[in-house]
Number of protein chains: 2
Amino acid sequence: MTDRRPDAQEPAAPVPASAVPRFEVEADVVVVGQGAAGGCASIEAARAGAEVLVLERMSLGGGATALSTGLTYFGGGTRIQRACGFDDPVEAMHAYVRLAAGSQPDEERVRLYCEGSVEHFEWFCSLGVEWNASFHDDKVTHPLSADGLLYTGNEEVWPFCEQARPAPRGHKPAREGEAGGYLMEAVLRATAASGARVVNDCHVQRLVQAPDRRVVGVAARLDGREVFVGARRGVILAAGGFVMNRDMLARHAPALLHINTPTGTPGDDGRGIRMGMGAGGEAENMGEGLLLNSWYPPSSHLMGILVDARGQRFVNEDASIGRTSDAIVAKADARAWLVVDDAIYGQTQARHRIAAVEESFEALEAALGIPDGALVRTIEAYNRAAEKGEDPLFHKARPWLRPLQAPPYAALDCSPARSVWGGFTLGGLRTRATGEVQDPDGREIPGLYAAGRNAAGLCREGRSYASGLSIGDASFFGRLAGRSAAGVPHG
Amino acid sequence: MTDRRPDAQEPAAPVPASAVPRFEVEADVVVVGQGAAGGCASIEAARAGAEVLVLERMSLGGGATALSTGLTYFGGGTRIQRACGFDDPVEAMHAYVRLAAGSQPDEERVRLYCEGSVEHFEWFCSLGVEWNASFHDDKVTHPLSADGLLYTGNEEVWPFCEQARPAPRGHKPAREGEAGGYLMEAVLRATAASGARVVNDCHVQRLVQAPDRRVVGVAARLDGREVFVGARRGVILAAGGFVMNRDMLARHAPALLHINTPTGTPGDDGRGIRMGMGAGGEAENMGEGLLLNSWYPPSSHLMGILVDARGQRFVNEDASIGRTSDAIVAKADARAWLVVDDAIYGQTQARHRIAAVEESFEALEAALGIPDGALVRTIEAYNRAAEKGEDPLFHKARPWLRPLQAPPYAALDCSPARSVWGGFTLGGLRTRATGEVQDPDGREIPGLYAAGRNAAGLCREGRSYASGLSIGDASFFGRLAGRSAAGVPHG
């Protein structure tokens, strides 16, 4: 099937139920999208006894998760954590995830996620996903080894490390390279086994809504025509964020326009969120998202310093790249370089351009157009403290503290205008943790659920994000939404 | 009239027209709120021949404007500008306002506002508002003199001054002290004269919406009971922003939670925006707002330096306080001090606390807990350059460049946690420049208009804001919305 009209011209406002001649197909639960959120929701809804119909826009499900490394954030003492020798009480995970959730954490989501994490991990195992009991002891942003466990956020990074006991919680499935496809294959297999029916190449474009606001179905394009699908119990929106929609970014999250290599699928055009808004749902946290500039690995780059156009440092370089990338935009006005010496220099996967290579700090400063001895002062002060294993200004951790030494010195351009910037949106529909979409008064829209990036979820700010929290959030709260839509009582 | 139930418990979702027994009152145009936006909208709608009913929640209209200095942003060659000797071609104003509008300016709004500014100024004069032809040649944030003209934004500030020819465009009505009440009295008089009918103590709580999405009226609480008011042509939402609603701030604009002394009235609870969302309107730019920490006047403070907890500067201190306050939060992690010497020190209106007074820079650094000689390095470098009349790092303008000289030296605490922070929201309903509220597809909600802080307006980011742009935006686009609702063709 090919969409004949561009998405931007298709209205996302709901179809009044009275305008629907008849539903050609019906199910108890209709799931829009088969990424991690929709996939896990479908399985749970079907296992709870509901007749489930999954409508997936692409020819094969998987969503953004299938394109990813498959990193998922589990903790509280998973089998892999224990086998690798890490003790991670639920309380420690809770303390950290609450920080990672951002400045306004949703306490209910944080609690449910942490208390349910070991069960959720075992649930994935029960789908046939395997994880190696090996710890990857290096700083990476996009892990390609088959090791099962690694640090993926700011667990060991100041100030987080002072407020929550660190443990590695990024779990990568037991496959080399990008393991998201492997993860999603298991979800798709389990969906098929659950009895849920999946229709591919089916683009849901509008909700169908009754006068009492209940969502009773969807309108979709299938085989070149509009099809009405009825949902007896509910519709679950799980169609991804809006990083592919530049107009929505400009109107809701202008800082995310720095993303030049969006992390997602073409389906991440915000339609799911817009459909929910059209039905009366409130979109919230829409200005927030994750920015990703991978200026390491090599992890030796963490021994370098990030400086702005004033020659000043502005962040602890050992923070997650979500945090350093946010700082490059918010604090350094989207213009920053990584300064390294010859010994620690390496080419990044993102192939950052070398802005200057010089034999002295003075010459590097001049080559970058940094005025007034500012870069030299910064480096000298950094070096003096690093010599003592200290970073009094930004508290970079000891393993990465080492003075910049023998020339040549290089500056790698990390600016969004001149390097690869990924990222995605974190805003979405306001929902209860159990998936019910809420209006601006906090009241539920009957029959409407959302999960994954269609919802404002667990982690609400890129600057505190830890990799694995999106798949973790989408899959965990997708499961809850699936049970809610199927009518299973929570509690 | 007293509201019996707290606002948070009242739903803002629309009442279906079918549920309204009858409209007790009807008018062509119903205006919700009588601040600058609603007031100006009412006048224009009534003058265009519409029967207008203004429903104002408070016992007297005026809104946040009545509490303000009355500063309004006009330019392009007003009589006051010319009389004070300033040449300000429309093109110069356009170049600046486009920058002040933020990183994603609405080109149509910018153009209309600048091209119509002289007429808009004369319109206010025609209501009886007087302005003195005197230029206030000092940096102030809250002007109390009766001078008619002053700089209120970043017109002379780097980098704006390099991209647009500066001219003062803040116009203050000819009254000492806070002149916003005087300004609004003129608007209220003109409203009465226009034939528009005003009902006070009337709290509009819900829109009434027909099945075709047309907004056909409102439900309001008046004299302790619910009253349905019909609107034959349209409803204009002009009920203010959401700075008083901490729940909405947390969910949409967490950075604005630093505001501890909101700039607005108790009515700025976001209900107008929520009513519009409930009717299918999209709220946009909801994460943005203005933060205001008045660490000057005295303008001598501009000769001091703002430093963060790393002892680093992070903004040109001569920028508007909207810009420096944003920088304190976004760049300095909400912790900053103004460092002054004895000669330039003065008490601020906001009575900033003195965090430390010392006889040397070293002692000041230690007293503030800034590590590692960082503050001393910053001051020494600043002083060396200022001696030459330069600020190579942040380009503070020459009049404010003077080395910090004889002790004692003081640090004034500008942190949100320990000083007065005002501000308000800039996000709101997506509307055309002419006031029509739009849904997430950009389609109009028939019969629904918004202006002032109920709409996402002209200036979209606090960091580029110029004082006077809110009253300017509310009044100018309020007038357009009034004409639109009355059915006057634009163009």
For this session: For residues that are in contact with a strand residue (DSSP E or B) (Cβ under 6 Å, 6 or more places away or on another chain), among the β-branched types (Val, Ile, Thr) and more than 9 Å from chain A (Cβ to nearest Cβ), scanning just segment B:254-274, find the one that is least open to solvent (accessible area, probe 1.4 Å).
Result: B:ILE259
Exercise. Just checking, how many residues over segment A:236-248 are more than 9 Å from chain B (Cβ to nearest Cβ) and buried (at least 24 other Cβ atoms within 10 Å of the Cβ)?
Worked result: 8
Exercise. Does A:MET277 satisfy being crowded, with 22+ Cβ neighbours inside 10 Å, within 14 Å of chain B (Cβ to nearest Cβ) and under 10 Å from B:PRO440 (Cβ atoms)?
Worked result: yes
For this session: Would you check which residues across segment B:267-298 are within 20 Å of the chain's Cα centre (by Cα), within 21 Å of B:THR141 (Cα to Cα), part of a loop (DSSP other than H, G, I, E, B) and not acidic (Asp, Glu) and list them?
Result: B:ASN293, B:SER294, B:TRP295, B:TYR296, B:PRO297
Problem set entry | Top-ranked residue in segment A:5-62 [being assigned to a loop (DSSP other than H, G, I, E, B) and within 16 Å of A:ARG233 (Cβ to Cβ); ranked as farthest from the chain's Cα centre (by Cα)] | A:PHE23
Problem set entry | Count of segment A:379-396 residues which are open to solvent by less than 30 Å² (accessible area, probe 1.4 Å) and in contact (Cβ under 8 Å) with a residue 60 or more places away in the chain | 6
Problem set entry | Subset tally (residues that are in a loop (DSSP other than H, G, I, E, B) and in contact with a helix residue (DSSP H, G or I) (Cβ under 7 Å, 6 or more places away or on another chain)) for segment B:248-262 | 1
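Among the residues of segment A:416-426, is there at least one that is within 14 Å of chain B (Cβ to nearest Cβ), outside any loop (DSSP other than H, G, I, E, B) and open to solvent by 20 Å² or more (accessible area, probe 1.4 Å)?
Of the residues in segment A:416-426, the ones within 14 Å of chain B (Cβ to nearest Cβ) are A:416-417, A:425-426.
Remaining after also requiring outside any loop (DSSP other than H, G, I, E, B): A:416-417, A:425.
Next, only the ones that are open to solvent by 20 Å² or more (accessible area, probe 1.4 Å) stay: A:417.
So far as segment A:416-426 goes, yes, one or more of its residues are within 14 Å of chain B (Cβ to nearest Cβ), outside any loop (DSSP other than H, G, I, E, B) and open to solvent by 20 Å² or more (accessible area, probe 1.4 Å).
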Exercise. Has segment B:385-403 got at least one residue that is aliphatic (A, V, I, L, M) and under 22 Å from B:SER464 (Cβ atoms)?
Worked result: yes
Problem set entry | When residues of segment B:383-399 are limited to those that are facing chain A (nearest Cβ under 10 Å) and not in a loop (DSSP other than H, G, I, E, B), the one nearest to A:ALA366 (Cα to Cα) | B:ALA385
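Sort through A:SER325, A:SER320 and tell me the only one that's more than 30 Å from B:PRO11 (Cα to Cα), touching a residue at least 24 places away in the same chain (Cβ under 8 Å) and in contact with a strand residue (DSSP E or B) (Cβ under 8 Å, 6 or more places away or on another chain).
That would be A:SER325, the only listed residue that is more than 30 Å from B:PRO11 (Cα to Cα), touching a residue at least 24 places away in the same chain (Cβ under 8 Å) and in contact with a strand residue (DSSP E or B) (Cβ under 8 Å, 6 or more places away or on another chain).
Which residue, of B:ARG251, B:ARG310, B:ARG233, is of a type in the set (Lys, Arg), more than 14 Å from chain A (Cβ to nearest Cβ) and open to solvent by 20 Å² or more (accessible area, probe 1.4 Å)?
The conditions single out B:ARG233.
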Seminar exercise, completed: Taking segment B:69-117 and the residues there that are open to solvent by 40 Å² or more (accessible area, probe 1.4 Å) and among the aliphatic types (A, V, I, L, M), the one that is farthest from B:THR263 (Cα to Cα) would be B:ALA83
For this session: List every residue pair whose Cβ atoms lie under 6 Å apart, where the two residues are 6 or more positions apart in sequence or sit on different chains, the first residue falls within segment B:65-91 and is in contact (Cβ under 8 Å) with a residue 60 or more places away in the chain, and the second residue, located anywhere, is open to solvent by 30 Å² or more (accessible area, probe 1.4 Å) and of a type in the set (Ser, Thr, Tyr).
Result: B:LEU71/B:SER467
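Quick one: which residue in A:ALA167, A:ALA196 is touching a residue at least 40 places away in the same chain (Cβ under 8 Å) and in contact with a strand residue (DSSP E or B) (Cβ under 6 Å, 6 or more places away or on another chain)?
A:ALA196
Please pick out the residue among A:ARG463, A:ARG479, A:ARG453 that is in contact (Cβ under 8 Å) with a residue 40 or more places away in the chain, under 23 Å from the mean Cα position of the chain (by Cα) and closer than 18 Å to A:SER68 by Cα.
On the way: A:ARG463 fails: closer than 18 Å to A:SER68 by Cα; A:ARG479 fails: closer than 18 Å to A:SER68 by Cα.
On inspection, the qualifying residue turns out to be A:ARG453.
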Problem set entry | Tally of residues being more than 26 Å from A:GLU390 (Cα to Cα) and surrounded by fewer than 15 Cβ atoms within 10 Å (Cβ to Cβ) across segment B:355-378 | 1
Problem set entry | Failed item, numbered, when A:LEU207 is tested on (1) over 20 Å from the mean Cα position of the chain (by Cα); (2) away from every other protein chain (no Cβ under 14 Å); (3) under 30 Å from B:ARG460 (Cβ atoms) | (2)
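Could you go through segment B:285-298 and let me know if any residue there is open to solvent by 20 Å² or more (accessible area, probe 1.4 Å), more than 14 Å from every other protein chain (Cβ to nearest Cβ) and out of contact with any strand residue (DSSP E or B) (no Cβ under 9 Å at 6 or more places or on another chain).
Yes: segment B:285-298 contains one or more residues that are open to solvent by 20 Å² or more (accessible area, probe 1.4 Å), more than 14 Å from every other protein chain (Cβ to nearest Cβ) and out of contact with any strand residue (DSSP E or B) (no Cβ under 9 Å at 6 or more places or on another chain).
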For this session: Looking at (1) farther than 30 Å from A:LEU338 by Cα; (2) within 14 Å of chain B (Cβ to nearest Cβ); (3) open to solvent by less than 10 Å² (accessible area, probe 1.4 Å); (4) not in a strand (DSSP E or B), find the lone condition where A:CYS459 falls short.
Result: (1)
Seminar exercise, completed: Scanning segment A:397-409 residue by residue, those over 26 Å from A:GLU156 (Cα atoms) and crowded, with 21+ Cβ neighbours inside 10 Å turn out to be A:TYR409
Seminar exercise, completed: Those residues of segment B:53-68 that are open to solvent by less than 20 Å² (accessible area, probe 1.4 Å) and more than 20 Å from B:VAL97 (Cβ to Cβ) come to a total of 6
Exercise. Can you name every residue in segment B:477-491 that is open to solvent by 60 Å² or more (accessible area, probe 1.4 Å) and part of a helix (DSSP H, G or I)?
Worked result: B:ARG483
Seminar exercise, completed: Picked from segment A:299-314 (must be part of a loop (DSSP other than H, G, I, E, B) and in contact with a strand residue (DSSP E or B) (Cβ under 6 Å, 6 or more places away or on another chain)), the residue farthest from A:SER464 (Cα to Cα) is A:GLY304
For this session: Report yes if some residue within segment A:177-188 is among the small types (Gly, Ala, Ser), touching a strand residue (DSSP E or B) at 6+ places or on another chain (Cβ under 7 Å), open to solvent by less than 10 Å² (accessible area, probe 1.4 Å) and at negative phi; otherwise report no.
Result: yes
Problem set entry | Pick from segment B:38-52, criterion out of contact with any strand residue (DSSP E or B) (no Cβ under 7 Å at 6 or more places or on another chain) and small (Gly, Ala, Ser), ranking: surrounded by the fewest Cβ atoms within 10 Å (Cβ to Cβ) | B:GLY49
For this session: Check off (1) among the small types (Gly, Ala, Ser); (2) more than 22 Å from A:VAL97 (Cα to Cα); (3) touching a His at 6+ places or on another chain (Cβ under 9 Å) for A:GLY472 and give me the number that stays unchecked.
Result: (2)
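The values are calculated or read from the model by the stated rules, or taken from the named source; none is laboratory data. Model, not experiment: these values are computed from the prediction. FYI the Cβ positions are ideal-geometry reconstructions off the backbone, even for glycines, and counts take in every protein chain you see. With ligands, DNA and RNA removed, areas are computed over all heavy atoms of the protein, side chains included. Shrake-Rupley method; radii C 1.70, N 1.55, O 1.52, S 1.80 Å.
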